[in-house]
Amino acid sequence: MEDCYAETVSTQVEAIRAGGIVLSETVFYPEGGGQPADQGVINVGGTSIQVTDVSVDHGEILHHVESTDPITEGDDVDARIDWERRHMLMRMHTAQHLLSAVVLDMFDAKTVGNQIHPSYSRIDFEPVNFSQKDLDRIERRCNALIEEERSVSIYEEDRETVVEKLPVGRSNLDLIPDHIDPLRVVEIEGLDICPCGGTHVSNLDEIGRFIIEDRKSKGEDIDRIEFSLDA
């Protein structure tokens, strides 16, 4: 995703597949990395077709739609994401990076799983057993960093350089195939560097207030933090 803030694109229908449409260009983010796919509409002529899901299928970005009528290959179309939902996911995904970095720094616990939703998100950490006092400290630290309005940058960098920069335990880099080089990197100013293909805000200030909602044990030395955001 080159521009996380792009809401619309005028493009063409490249192909029609079973259950979906492939566009020559798209602003829709396909599900991946714990982040849900975008939703929105594809407009052709005077007809708006709802995009309910987006996935990657054999290297193609497939826009799942309720119906392919009246679209045909080669049609000029306008595609528009549900911006309110996208921006919420951008805020959530950036907050996930923030929380992962803070917990790694404070408790030397790495992120071993995460799932982002528009209304709440969760991260699993290991090895750790959080107390309520720990959770209060984490929440305060996250909100203090948000108030500092640190910038968030997205760029590409060669894999070897990224490996040298990454804090120990920050990323499961071994899950990214070796042939992917350079890597897309998300960097929070002075705090965190992590390879990621998701959508993010450009400043921590956009996240809003960070709220820890719950802590759950998910096994020996594995704790889950569930969090939400307030505008």
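The values are calculated or read from the model by the stated rules, or taken from the named source; none is laboratory data. Owing to the predicted nature of the structure, the values given are computational and were not obtained by experimental measurement. Positions of Cβ are backbone-derived with ideal geometry, glycine not excepted, and every protein chain shown enters the neighbour counts.
Brief remarks follow.
- Screening segment 17-34 for residues that are at pLDDT 95 or above and outside any loop (DSSP other than H, G, I, E, B) and picking the one that is surrounded by the fewest Cβ atoms within 10 Å (Cβ to Cβ) gives V22.
- Exclusive hit being within 24 Å of Q35 (Cα to Cα), at pLDDT 95 or above and either out of contact with any helix residue (DSSP H, G or I) (no Cβ under 7 Å at 6 or more places or on another chain) or of a type outside the set (G, A, S) (or both), set F125, F130, F107: F125
- Search result, residues across segment 108-123 that are touching a strand residue (DSSP E or B) at 6+ places or on another chain (Cβ under 9 Å) and either more than 13 Å from V168 (Cα to Cα) or of a type in the set (V, I, T) (or both): T111, V112, G113, N114, Q115, I116, S119, Y120, S121, R122, I123
- Filtered by the rule that a residue be farther than 22 Å from R140 by Cβ and outside any strand (DSSP E or B), segment 192-218 gives C196, G197, G198, T199, H200, S202, K218.
- Scanning segment 174-200 for residues that are surrounded by 14 or more Cβ atoms within 10 Å (Cβ to Cβ) and closer than 20 Å to V103 by Cα yields a total of 12.
- Residue identified as crowded, with 19+ Cβ neighbours inside 10 Å and under 17 Å from P30 (Cα atoms) among I61, I49: I61
- Check on I49, in the same structural domain as I212 (by TED's automatic domain parsing), more than 15 Å from A15 (Cα to Cα) and not basic (K, R): no
- Residues satisfying the stated conditions in segment 169-191, i.e. outside any loop (DSSP other than H, G, I, E, B) and either acidic (D, E) or free of Cβ contacts under 8 Å to residues at least 40 places away in the same chain (or both): L173, D174, L175, L183, R184, V185, E187
- Within the option set D53, D57, D78, D82, being out of contact with any helix residue (DSSP H, G or I) (no Cβ under 8 Å at 6 or more places or on another chain), among the acidic types (D, E) and more than 27 Å from C196 (Cβ to Cβ) holds for one residue only, D78.
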